[in-house]
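Participant: Pasting a structure below so you can have a look.
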Amino acid sequence: MRGKAIPKRRIKPDPKYNRLDIAKLTNYIMRRGKKTIAQKIVYRAFDIISEQTKKDPFEIYNKALRNVGPSLEIRGRRIGGANYQIPFPVADNRRQILAFRWLIIAAKGRRGKPMAEALALELMDAAKGEGAAVKKREDTSRMAEANKAFAHFARFTKRKR
């Protein structure tokens, strides 16, 4: 690795709920630096969830993140002229990042609805164990299970020449 490691940036919790994970979700939704629009989308999605389910939106949000976050992911690795898909366990912060990414992509895939409504529907579906984001997690888990035979390649490190 060249140079020194870049220090991790500390982000501030969101102003309405004072939660760091909501601020991260807002930052992932944000486009072109328009944070207030991203915050309106997230807050409106939570309002829609509380209106439709009559439950605490954070309960549904947390359940959705648990259902969408993967425990295993696959990474490509070139060994002896062949490429192998090797399953790796997922760290907690990466699990959260992937869950956010998959939820947002699935919400964007719901055409014809405003983003706040699509995000709310996707979060509610994910909390029930349904929806495109949960399907993506299941596909990733299935691929990792299918390639368990190559897991021993994960322990090898590349030799310097």
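Participant: Quote to one decimal, in nm, the extra length available between T36 and A151 on full extension: 0.36 nm per residue of separation minus the C-alpha distance between them.
Facilitator: Details: separation 115, 0.36 × 115 = 41.40 nm, distance 4.39 nm.
My answer for the length gained is 37.0 nm.
Participant: Would you calculate the separation in nanometres between label points at R101 and F58, each defined as 7 Å from the Cα along the Cα-to-beta-carbon direction?
Facilitator: That separation, rounded to one decimal, is 2.7 nm.
Participant: Between E130 and A5, what's the calculated FRET efficiency when r is the beta-carbon distance and R0 is 41 Å? Round to 0.05.
Facilitator: Working: r = 40 Å, r/R0 = 0.98.
Given R0 = 41 Å and the Cβ-Cβ separation, E is 0.50.
Participant: Past 31 Å, Cα to Cα: identify those pairs from K4/K40; K12/K63; K16/K63; K113/K148, in the order given.
Facilitator: Details: K4/K40 37 Å; K12/K63 23 Å; K16/K63 21 Å; K113/K148 39 Å.
Flagged as over cut-off: K4/K40; K113/K148.
Participant: Tell me, E122, E51 in order of fewest to most beta-carbon neighbours within 10 Å?
Facilitator: Values: E122 27, E51 10.
So the ranking, lowest neighbour count to highest, is E51, E122.
Participant: Here's something else I'd like to know. Quick one: among I104, I49, I74, which has the greatest mean-square fluctuation in a GNM of the chain with alpha-carbon springs under 10 angstrom?
Facilitator: Maximum among the listed residues: I74.
Participant: While we're here: Which is farthest toward the positive dipole end of the chain among Q96, N67, G33, measuring Cα position about the Cα centre, with Cβ charges +1 (Lys, Arg) and -1 (Asp, Glu)?
Facilitator: Positive-end residue among those listed: G33.
Participant: Let me ask something else. Out of the trypsin sites (Lys or Arg not before Pro) in segment 106-159, which ones are loop residues according to DSSP with at most 16 other C-beta atoms within 10 Å? Working shown, then result.
Facilitator: Working: sites: K108, R110, R111, K128, K135, K136, R137, R142, K148, R155, K158, R159; in loops: R110, R111, K158, R159.
Here the sparse-neighbourhood loop sites are R111, K158, R159.
Participant: Length gain on complete extension for the stretch S71 to F88, per 0.36 nm per residue less the alpha carbon to alpha carbon distance? Provide the component values of the computation, followed by the final result.
Facilitator: Numbers: separation 17, 0.36 × 17 = 6.12 nm, distance 0.86 nm.
Extra length from S71 to F88 when fully extended: 5.3 nm.
Participant: Further, regarding this structure: Report, in debye and to the nearest 20, how large the dipole of segment 1-133 comes out about its Cα centre when Lys and Arg carry +1 and Asp and Glu carry -1 on their Cβ. Before the final figure, lay out the partial values.
Facilitator: Working: 30 positive and 12 negative charges, 182 e Å.
In debye, rounded to 20, segment 1-133 gives about 880.
Participant: Using only the Cα atoms of segment 20-154, build the gyration tensor, take square roots of its eigenvalues as a ≥ b ≥ c, and label the shape rounded, prolate or oblate: rounded if a/c is under 1.5, else prolate if a/b is larger than b/c, else oblate. All intermediate terms of the calculation are to be shown ahead of the outcome.
Facilitator: Numbers: a/c = 2.54, a/b = 2.03, b/c = 1.25.
Verdict is prolate for segment 20-154.
Participant: Also, quick follow-up: Could you tell me which residue out of T140, H152, L119 lies farthest along the dipole of segment 88-161 toward its positive end? Charges go on the beta carbon: Lys and Arg +1, Asp and Glu -1, centred on the Cα centre.
Facilitator: H152
A short reminder: the numbers here are calculations on the coordinates, not readings from a lab. As the structure is a prediction and not an experimental result, all values here were calculated from the model. A quick note on method: Cβ atoms are made from the backbone with ideal geometry, for glycine too, and the neighbour counts reach across all protein chains shown.
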